[in-house]
Amino acid sequence: MIWIELLVVLFFIFLGSKMGGIGIGYAGGAGVVVLTLIFGLKAGSVPVDVILIIMAVISAIAAMQKAGGLDYLVHLSERLLRKNPKRVTFLAPTVTYWMTLLAGTGHTAYAALPVITEVAKEGGVRPSKPLSISVVASQIAITASPISAAVVIFASFLEPLGVSYLQLLAIAIPSTILACMVGAIIANRLGKPLAEDPIYQKRLAAGLVKHKSEEHHEDPKSAKWSVGIFLAAIVLVVTYASLISKKVGLIENPAIGRNEAIMAVMLLAAMTIALVCKIKLSDVPAMSTFKSGMSAAICVLGVAWLGDTFVSNHIEEIKEAAGGILNQYSWLLAIVLFFASMLLYSQAATTMALMPAALALGVSPLAAIASFAAVSALFVLPTYPTLLAAVEMDDTGTTKIGKYVFNHSFIIPGTVTIAASVIFGFLIGGLIL
């Protein structure tokens, strides 16, 4: 029966991925109905904390976007990139990485992709090089962001095992940064030089390649204030999490837990931005970050609930079948997470669905943390929104989806980056834990 139930889970995950977008959440909920009402399984846990954190963080980011904060960050990035156009393949992923790490969502990369494309063309660099690794960097940075739902929920799994939130960040941040630079080196070696690319030459001759000159931007004070308030909120969250951690222990009996503190501080930040920057609150739900964030919350609800329903009902069978293998070859967890995330389309959903089972099977905290970056393989199937946006924005035709689906511009830089992050995770984690 377990194999039939597993096929049901895989069917609904596949159906959701085919539907695209919020469909993965819908399909996950439908799968829960089938497993509980038809197969008689007990419903798993609803990932309430994950969903509430996503909602709180996104509400603050959307308020910042309405105040012009995201545009301000993009303008700062544009100045940096235009000063060093020949190094855009290394600077662009650095920009998207830090935007994601600070915002807790990879959807902030949308605003930077047009700038990266223009700077690459101006510098004579094949746009597929910086665009491919920039999209990957925006995805893997989720596993290092102090306010991302994936990191927060993973930290809650690790703390009972003696690994603190700060230790997780101390391993995840440097390992993913270094991995992105390895990915950038590989991306920089892929494809012909732009001037020698036949597709680019044809599009250029046909007048399909446009060049936009740098525009002068006058950012309002509200934009700068919104960014400052949001960054202050992140500092407050990390500081508070440090003070209440068992490793530091300055606050032994906190009045509010870390997860709840993140929600409260993000809502406080949103309110402060609204008051200080005088934004029209009715416009906040219309922001692109708000829409994408709420869609992510639905996706996490459905697919994580589906995964937990199956795993929680069969944890003993899974331990018996896979426990020994994962204990002996712990790096296999990274491969499992890699292929799971390409279907689940969410770092938080993959973490919620599989990490508890992996830790229950006896996988060491070090191996779990090192493998954590593998939940970011959202680039494998060329249907993720930021990936598609990069393809559409590159009018040179160098960033593309191949005839055989998987042979697209992102697969090699992305796979190399995740593999490098896992390796760096084991090395750095071995020093910290």
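Please go through region 355-388 and give me each residue that is over 19 Å from Ala141 (Cα atoms), of a type in the set (Gly, Ala, Ser) and open to solvent by less than 30 Å² (accessible area, probe 1.4 Å), ordered by number. Correct list: Ala357, Ala358. Has region 291-310 got any residue that is touching a residue at least 60 places away in the same chain (Cβ under 8 Å) and assigned to a loop (DSSP other than H, G, I, E, B)? Taking every residue of region 291-310 in turn, none turns out to be touching a residue at least 60 places away in the same chain (Cβ under 8 Å) and assigned to a loop (DSSP other than H, G, I, E, B). If only residues of region 21-35 that are open to solvent by less than 30 Å² (accessible area, probe 1.4 Å) and of a type outside the set (A, V, I, L, M) are counted, the one that is farthest from Leu306 (Cα to Cα) is Gly23. Just one of (1) closer than 24 Å to Glu392 by Cβ; (2) in contact with a Cys (Cβ under 6 Å, 6 or more places away or on another chain) fails for His107. It is (2). Is it the case that His75 is surrounded by 17 or more Cβ atoms within 10 Å (Cβ to Cβ), modelled with pLDDT under 90 and either among the aliphatic types (A, V, I, L, M) or under 24 Å from Thr417 (Cβ atoms) (or both)? It is false that His75 is surrounded by 17 or more Cβ atoms within 10 Å (Cβ to Cβ), modelled with pLDDT under 90 and either among the aliphatic types (A, V, I, L, M) or under 24 Å from Thr417 (Cβ atoms) (or both). Could you please give the count of residues in region 67-119 that are of a type in the set (D, E, K, R) and either free of Cβ contacts under 8 Å to residues at least 60 places away in the same chain or closer than 24 Å to Leu281 by Cα (or both)? Summing the residues that are of a type in the set (D, E, K, R) and either free of Cβ contacts under 8 Å to residues at least 60 places away in the same chain or closer than 24 Å to Leu281 by Cα (or both) in region 67-119 gives 5. Taking helices (runs of 4 or more DSSP H) as the structural unit, those lying wholly within region 155-271 and holding at least 1 residues that are touching a Gly at 6+ places or on another chain (Cβ under 7 Å) and either modelled with pLDDT of 90 or more or within 30 Å of Leu366 (Cβ to Cβ) (or both) correspond to 165-187, 221-244.
Per-residue answers, yes or no, for (1) buried (at least 24 other Cβ atoms within 10 Å of the Cβ); (2) at pLDDT below 85; (3) assigned to a helix (DSSP H, G or I):
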residue	(1), (2), (3)
Thr96	yes, no, yes
Leu101	yes, no, yes
Thr108	yes, yes, yes
Ile116	yes, no, yes
Val119	yes, no, yes
Gly124	no, no, no
Pro130	yes, no, yes
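Residues that are under 19 Å from Ala112 (Cα atoms), of a type in the set (Lys, Arg), open to solvent by 40 Å² or more (accessible area, probe 1.4 Å) and in contact (Cβ under 8 Å) with a residue 24 or more places away in the chain are absent from region 188-198 altogether.
A single member of Thr396, Thr351 is farther than 18 Å from Leu6 by Cβ, assigned to a loop (DSSP other than H, G, I, E, B) and in contact (Cβ under 8 Å) with a residue 40 or more places away in the chain, and it is Thr396.
The values are calculated or read from the model by the stated rules, or taken from the named source; none is laboratory data. A quick note: this is a predicted structure, and the numbers were derived from the prediction, not measured. Methodologically, a virtual Cβ is constructed for each residue, glycine included, from the backbone with ideal geometry; neighbour enumeration extends over all protein chains shown. For the accessible areas, the whole protein counts, side chains as well, though only heavy atoms, and no ligand, DNA or RNA atoms are used. Shrake-Rupley method; radii C 1.70, N 1.55, O 1.52, S 1.80 Å.
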